[in-house]
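Okay, structure first, notes after.
The values are calculated or read from the model by the stated rules, or taken from the named source; none is laboratory data. The shown structure was predicted, so the numbers you read here are calculated from the model rather than taken from an experiment. Cβ atoms come from the backbone with ideal geometry, glycine included; neighbour counts cover every protein chain shown. The protein model used for the area step is the full one, side chains on, heavy atoms only, and it has no ligands, DNA or RNA in it. Shrake-Rupley method; radii C 1.70, N 1.55, O 1.52, S 1.80 Å.
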Amino acid sequence: MRRLFVAGNWKMNTTLASAQKLAGEVVVGVAGITELVDVAVCPPFPHLLPVSQSLANSRVMLGAQNAHFENAGAYTGEVSIDMLVDVGCRWVIIGHSERRQFFGETDSQINLKVLAAFQRNVDVIFCVGEALDDRNSGRTESVLSSQLKLGLANVRIEQLEKLVIAYEPVWAIGTGVTASPEQAEGTHRFIRDWLAARFDRVSADAIRIQYGGSVKPDNAKQLLSLPNVDGALVGGASLMSNQFLGIIHAAADLARLSGE
Ligand code: PGA
């Protein structure tokens, strides 16, 4: 079994005080569990440094929600990957559907970001997902193939150990609607087979594919127990420590079961 990975995407939420409180509660709540499951939190940029201090001496990892692909320069309002490394980030989320939808991020920009992160040794949660129209009209696989092909262009096979894919159907994000187990497993299997064809089977089998979209403590176990679902990228439920910890505990229970 691939090691399950639960990451919290806080989006544009939290105050400095609530971010530190939430991080502190996660650290306390995962004691003894991070041996079984990988856990990360991805706060807004201004809270990265204080949250990294809250996470010190724990195995909870820090991630950012976006980055620019250039290292430095006249890019008003942008944040480089080196800056993220400086404040303790191990991960960066790239290509989230909200970045694509609301900020016009293109597949080629996303690709440059993925390559820049790998070059600087930062691990990537690369998001893909289809809109409701795509699913209803049978275009899910062609949309995902295109996002994967363009987003992972020029990625080398040896860089794959720094890659996690997050499958996030756009219609399930923040809506309370979750993909059914059949939809999630079928789509994750499709993504894994695509990776096997693009790279090779052994590498594809090692890549973790998170599911994202209205993951909550009460649906986590069912989703995370699917053979090709290797974790969760959690939005809304990651803002409440009891809910986020509920999802992490569900993952830990499954890890324990598979280790028995
Ligand atoms: P959600 O968000 O859990 O609130 O649906 C998931 C995400 O956007 O990563």
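Things to note:
- Among the residues examined, ARG3 qualifies as within 29 Å of ARG100 (Cα to Cα), basic (Lys, Arg) and outside any helix (DSSP H, G or I).
Quick grid of which residues meet (1) of a type in the set (S, T, N, Q); (2) over 19 Å from ARG135 (Cα atoms); (3) within 16 Å of the ligand (Cβ to nearest atom):
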site	(1), (2), (3)
TYR167	no, no, yes
GLY176	no, no, yes
ALA179	no, no, yes
ASP200	no, yes, no
ILE207	no, yes, no
LYS216	no, yes, yes
GLY236	no, yes, yes
HIS249	no, yes, no
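- Some residue of the range 66-87 being in contact with a Gly (Cβ under 8 Å, 6 or more places away or on another chain), touching a residue at least 12 places away in the same chain (Cβ under 8 Å) and within 16 Å of the ligand (Cβ to nearest atom): no
- Condition met for ASP218 (out of contact with any strand residue (DSSP E or B) (no Cβ under 8 Å at 6 or more places or on another chain), assigned to a helix (DSSP H, G or I) and over 30 Å from LEU22 (Cα atoms)): no
- When VAL177, VAL202, VAL170 are screened for being within 17 Å of MET1 (Cα to Cα) and either among the aliphatic types (A, V, I, L, M) or buried (at least 22 other Cβ atoms within 10 Å of the Cβ) (or both), only VAL202 passes.
- Test set (1) more than 16 Å from the ligand (Cβ to nearest atom); (2) in contact with a strand residue (DSSP E or B) (Cβ under 9 Å, 6 or more places away or on another chain); (3) at pLDDT 95 or above; (4) open to solvent by less than 40 Å² (accessible area, probe 1.4 Å) - PHE5 fails condition number: (1)
- Residues that are under 14 Å from the mean Cα position of the chain (by Cα) and of a type in the set (Gly, Ala, Ser) were ranked within the range 88-116; the one that is nearest to the ligand (Cβ to nearest atom) is SER97.
- The residues of the range 181-192 that are within 18 Å of LEU148 (Cβ to Cβ) and either open to solvent by less than 70 Å² (accessible area, probe 1.4 Å) or within 11 Å of the ligand (Cβ to nearest atom) (or both), listed by number, are GLN183, ALA184, GLU185, GLY186, THR187, HIS188, PHE190, ILE191, ARG192.
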